[in-house]
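So the structure is just underneath, and the comments pick up after that.
We did not get these values from a lab; they are worked out from the coordinates using the rules stated. Worth saying up front: this structure is predicted, and the values here are computed from it rather than measured. We place every Cβ from the backbone using ideal geometry, glycine too, and count neighbours over all the protein chains shown.
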Amino acid sequence: MKHKEIPVYVNLVYEDQVNRLAQNENPYGPSPAATEAIKRNIHKISHYPDVVLTELKEKLAAKHEVTPDEIIVSNGSGAIIDYLVKRMLSHGENMVVPEITFVAYKLCAAIYDRECRLAPMADYSISLENVARCCDEKTRLIFLANPNNPTGTIFTHDEIAEFLLRIPPQTLVVLDDAYQEYVDHQHYPDSIQLYRKHPNVIILHSFSKIYGLAGLRIGYGIARHPIIEELEKNRLPFMVGSVANIAALAALDDKEHIRESARKNAHDREFLFNGLTALGYHVIPSQGNFLFISFPATAERDRMYDTLFANKMVVRKMEAFGHDRSLRISLGRHEDNIRLLECLRK
């Protein structure tokens, strides 16, 4: 059967011996503490979850040195993106995102029929200058993923600090830090420091990436209380399940799992980058748990995709993210990355 006839996200990725390299998941899985917490509490799935999520909000607030009423927890950070576009952006106003970035921003704008302006990239990096130029008095939302998904590039603390000085207070700037834990760049922004200085900053975090809880759908945001209050009062209750809440609480305590996942990721990010570059591919240096490869033509991109797919390695085409000549390859375990390079060498 040809690969186009297989529903990739329904069948193939759940088969044995398939390398899932398309969704930026943690190949080492969740913390054992999270797994054990789920097992201990599995009998509680017949009960509705804690609608307030008090304990989790308190733990997250302590982690980031904010108050619990500055925290919103939802079924993935994508849901908070949805809430923001739906509630904070009216018809006749606009939002600005980089041209090549996380698909959910543009998708939510399309769902709610909101104007979404695309700021040109600078050699596959987010150009904050171009983002600023796209803004006007009608701009209410700016989404900035850092590291940027799918390119893996970052902007520095000084760059975003200067940018924020140019943005009026009525424009909300969303710093999407979903991949923050993977970053080892010394000038990566201190988002909480920026948040304290700028009331219009919102920070997003995910439990789907380094925490390894993608299948449970849980993420959170940090914002000033009036923004949190507006979002909370306009969404349905029980959006976060009991198991997700229990797993997140346990995962936050296992700092060694986070450190070890980040260490392995950094090692294999360099290994796979060097290997792909040696094979002649144009790979963008990344600070995430994935690599972005740009091709001269779509046909060349498809050749690599087809080769990997035929060998049961699923990677991601980037049309939906804003580029039709590229692939994003999530980092697997070391043996997965070796296998991928061997497959391409052949």
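Points worth noting:
- GNM result for the chain, Cα springs below 10 Å: residue of GLY212, GLY280, GLY241 fluctuating most strongly: GLY280
- Using a Gaussian network model of the chain in which every pair of alpha carbons under 10 angstrom is joined by a spring, one finds that among ASN26, ASN274, ASN148 the greatest mean-square fluctuation is at ASN274.
- A convex hull fitted to the Cα coordinates of segment 219-346 yields 172 cubic angstrom per residue.
- Taking the centroid of alpha carbons for each part, segment 67-131 and segment 204-218 are 19 Å apart.
- Scattering curve values for the chain, log₁₀ I(q)/I(0), Debye with Cα scatterers, q = 0.14 Å⁻¹: -1.22
- Calculated FRET efficiency for the pair ASP302/ALA62, C-beta based, R₀ 51 Å, to 0.05: 0.60
- Size of charge dipole - segment 32-253 - debye, nearest 20, with Cβ of Lys, Arg +1 and Asp, Glu -1, no other charges: 640 debye
- With a threshold of 31 Å on the Cα-Cα distance, the over-threshold entries among LYS44/LYS209; LYS86/LYS197; LYS57/LYS312; LYS138/LYS317 are LYS57/LYS312; LYS138/LYS317.
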